[in-house]
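The next block holds one structure in the form of C-alpha cells; read it before the comments.
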Amino acid sequence: MVTVPAADLPADRPTDAIALSDRQPVVPADRLVAEMVPPPRFMGARFATYLPDPAQPSQSEAVRILEGFSATLGRSGGAGAARKRWFGRPAAPAPSAPGGIYLDGGYGVGKTHLLASLWHAAPGPKAFGTFVELTNLVGALGFQQAVAALSGHRLLCIDEFELDDPGDTVLVSTLLSRLAEAGVKLAATSNTLPGKLGEGRFAAADFMREIQGLSARFRSVRIDGQDYRHRGLPQAPAPYAEAEVAALAAQVGPSASFDGFDELLKHLAALHPSKYGALLDGVAAVCLTGVRPVEDQSTALRLVVLADRLYDRELPVIASGTPFDAIFSAEMLNGGYRKKYLRAVSRLVALARESSKVAAPSG
C-alpha cells in the first residue's frame, strides 16, 4: 500500500478527475460493429506467442489445427458473403473445412489467446466479441440489422459463449445459423455450466447441444492444461485508505476517473451494457471509494460486464473499502452465475494488483 503524507491528502475528488457516473456516452451502431476486435490485452496475441505446455500435447495440436483453419478462410471468395449460383441460389458450402471451430478447455488454459490469434491470422472483414457483447449488439441494433452488419464477414469469433442463459443462447444460436448460411465461418469458446466448475470436465457436449442445428458445422478442439492465472499468484491486495485513493487519482492526473462505488453502480443501472466500453474512453486508471459487497444479482451482473471492459482495457483499479475477492456473496458464487462472478473476481483482483504500478514512486 502506498504511503501518502497526511498533509498532502486531498479531502475530496481531485478537481480534474473524470467522473464515470457523470458520463452519458452515445455509441453509434457503426462503432459497435467496428469495435468487435480482440481487446487490447490480446492485440499482440499470435499463434507464435502462445507457449504450449510440453506436458499438454493437446495445446500444440490446437495451434496446428487453428493455423490450418485460418488458411482455409482466404479461399472463400467473397468476404463472407454467401456464394451464389444462377438465379440467386446459394452454392453448397465447400466441404474441405469445417464451418466452425469450438475450443474446448478448462478455465485459464489460453483459449482466448488462441481465439484472438485465429482472428489476427484471418483475412478480413472479421469480427471478435464475447457472447455478452454479441447479445448487446443485437439488443442495440435489432436482430435483422445485426445479421446484415455481420453477414459480410469471413469470420466471427465468439469468446465465452454463455451456456447458463437459455434465452440468450437461443438468440445467439439463431443469429449464428443465419450468419453460417451467409458463408461466415465461426469460432467459439464457452464457459462451464453451473455445478461443473472445477470438476476437471469440458463443455463441448453442452455447447453442441445448446447450439442445436449448428453443431454439425463445428469441429471441437480440446485443450488440456492448468489455469495459468492460478499459478503462484498473490492474494487480493489490501484496499487503500480513501484519502490514498484521492491522492493517487491526483497523481495520475486528468486521465484518472474517481467515483464512489455506490454512485457508479447506480449509474450503470441507467446505461445499456453496450455503452460500458465507451464509458471508459480516455481513462488511464479507475479510482473507486467505498467498495462494498454487492447485494442483488442484477447489480452484480452489471458489475461483471464492467469488470470485463476494465480488464479488456488493462485499466488499473485503485480502490478503498472491501477487497474485490469479497464483493460477491457465497450464495452468488455457488449459484447459477458463479462462473461470471469468479471471472469478475479474478479480473478485478488482477487490476487491483496493477494499482501498485501507479502507486510506485516515479523515476
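Peptide packing: for 305-318, 13-26, the average count of neighbouring Cβ atoms within 10 Å per residue gives the ranking 305-318, 13-26, highest mean first. Neighbours of residue 313, meaning other residues whose beta-carbon lies under 13 angstrom from its beta-carbon, give a summed charge of -3 when Lys and Arg score +1 and Asp and Glu score -1.
On full extension of the chain, what length is gained from residue 292 through residue 216, given 0.36 nm per residue of separation minus the C-alpha to C-alpha distance? Walk me through the numbers before you get to the answer.
Details: separation 76, 0.36 × 76 = 27.36 nm, distance 4.59 nm.
Stretched fully, the residue 292-residue 216 segment lengthens by 22.8 nm.
Amide H contacts of residue 287: 257, 258, 259, 318, each under 5 Å away and 5 or more positions distant or on a separate chain (H built 1.01 Å from N in the peptide plane; Pro and chain starts excluded). Applying 0.36 nm per residue to the separation of residue 262 and residue 41 and subtracting their alpha-carbon distance, the gain on full extension is 76.8 nm.
Amide hydrogen proximity for residue 185: with H placed 1.01 Å from N in the peptide plane, the residues at 5 or more positions away or on another chain lying under 5 Å are 155, 156. Atom-type composition of the exposed protein surface of segment 109-149 places 54 percent of the accessible area on carbon and sulfur (1.4 angstrom probe).
Just to verify a number: FRET efficiency for residue 299 and residue 181, C-beta to C-beta distance, R0 = 22 Å, to 0.05? Don't skip to the answer; put the middle values down first.
Details: r = 38 Å, r/R0 = 1.75.
Efficiency for this residue pair is about 0.05.
The values are calculated or read from the model by the stated rules, or taken from the named source; none is laboratory data. This one's a predicted model, so the numbers in the text were calculated from it and none came from an experiment. Counting neighbours? That spans all protein chains shown, and the Cβs are built from the backbone with ideal geometry, glycine included. Heavy atoms of the whole protein, side chains included, go into the accessibility calculation; ligands, DNA and RNA do not. Shrake-Rupley method; radii C 1.70, N 1.55, O 1.52, S 1.80 Å.
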